[in-house]
1. Would you be able to say whether some residue in the stretch 48-59 is part of a helix (DSSP H, G or I), over 21 Å from residue 146 (Cα atoms) and at pLDDT 95 or above?
2. Which of the residues spanning the stretch 206-251 are touching a helix residue (DSSP H, G or I) at 6+ places or on another chain (Cβ under 6 Å) and either closer than 26 Å to residue 144 by Cβ or outside the structural domain of residue 167 (by TED's automatic domain parsing) (or both)?
3. Quick check on residue 170: is it under 18 Å from the mean Cα position of the chain (by Cα), surrounded by 15 or more Cβ atoms within 10 Å (Cβ to Cβ) and more than 30 Å from residue 34 (Cα to Cα)?
4. Please specify each residue of the stretch 158-172 satisfying the condition of being within 14 Å of residue 195 (Cβ to Cβ) and in contact with a helix residue (DSSP H, G or I) (Cβ under 6 Å, 6 or more places away or on another chain).
5. I'm checking my understanding of the structure. Among residues of the stretch 137-160 that are at pLDDT 95 or above and part of a helix (DSSP H, G or I), which one is farthest from residue 67 (Cα to Cα)?
6. Residue 152: more than 18 Å from residue 202 (Cα to Cα) and assigned by TED's automatic domain parsing to the domain that holds residue 205, yes or no?
7. Identify all residues within the stretch 40-89 that are surrounded by fewer than 19 Cβ atoms within 10 Å (Cβ to Cβ) and within 19 Å of residue 108 (Cβ to Cβ); write none if there are none.
8. Scan the stretch 214-245 for residues that are without any contact (Cβ under 8 Å) to a residue 40 or more places away in the chain and assigned to a helix (DSSP H, G or I) and report the count.
């Protein structure tokens, strides 16, 4: 992950991969400790990922979510086994008491770092330069999907939460870049948002506004026509009235 300046002028870093414990959930599960990759059984992976996303939780709740097909007694036994196995690989991976269990606070998690990056566009004062804005854009536009191939209900909920968080950040950043007279970067940010959320009218509107601000009317019209066809084909509806009003004068001018 690229460095991004924080509000205190320091840089947000993913940490030295040769030190500490680092958990990756975006693009697939990966755990590294002291520079070495740690292989965990699927059940232990799910426990670690769940705690990374939900943080400290009661033991009974965790057991019920991760082993729903088992009785409460057996699920709690499975949880105890998974905690023991996790600690046998990395003693400082988890913390637990008789009542709850959590990921150790010293474990760095890529999702948490991405969430911090995604908060940047929501506070304009934290974006101190165009270079910072582009750094945020590079990170948010290049990340993958949360835990691809995992279809547990709790994963689907978290995947959607992370996706919407990044869509909102990219759309906000695109609007800021456009107001800062950086239409090319605004197009890139808005297109990244539409990749994550193909039917988000507001993101498509930013794309068209950016093209129009460059004087690239033909690209704005082409984007509108593609979006309109996609909506009709997939959902049987058309763009919002606001999007149509944005492009209508330019359609009329080209038609004339």
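The values are calculated or read from the model by the stated rules, or taken from the named source; none is laboratory data. In this text the structure is predicted, and so the values were computed from the model without any measurement. Note that each Cβ is placed from the backbone with ideal geometry, even for glycine, and that neighbours are counted across all protein chains shown.
1. Filtering the stretch 48-59 down to residues part of a helix (DSSP H, G or I) leaves 48-54, 59.
Subset that is over 21 Å from residue 146 (Cα atoms): 59.
Among the residues that remain, those that are also at pLDDT 95 or above are: 59.
Yes.
2. Result: 206, 207, 210, 223, 227.
3. On the way: under 18 Å from the mean Cα position of the chain (by Cα): yes; surrounded by 15 or more Cβ atoms within 10 Å (Cβ to Cβ): yes; more than 30 Å from residue 34 (Cα to Cα): yes.
Answer is yes for this residue.
4. Across the stretch 158-172, the qualifying residues are 163, 166, 167, 169, 170, 171.
5. Looking at residues that are at pLDDT 95 or above and part of a helix (DSSP H, G or I), I get 160.
6. Yes.
7. 54, 55, 56, 87, 89
8. Residues of the stretch 214-245 without any contact (Cβ under 8 Å) to a residue 40 or more places away in the chain: 214-241, 244-245.
Those left that are additionally assigned to a helix (DSSP H, G or I): 217-235, 241, 244-245.
Counting residues in the stretch 214-245 that are without any contact (Cβ under 8 Å) to a residue 40 or more places away in the chain and assigned to a helix (DSSP H, G or I) gives 22.
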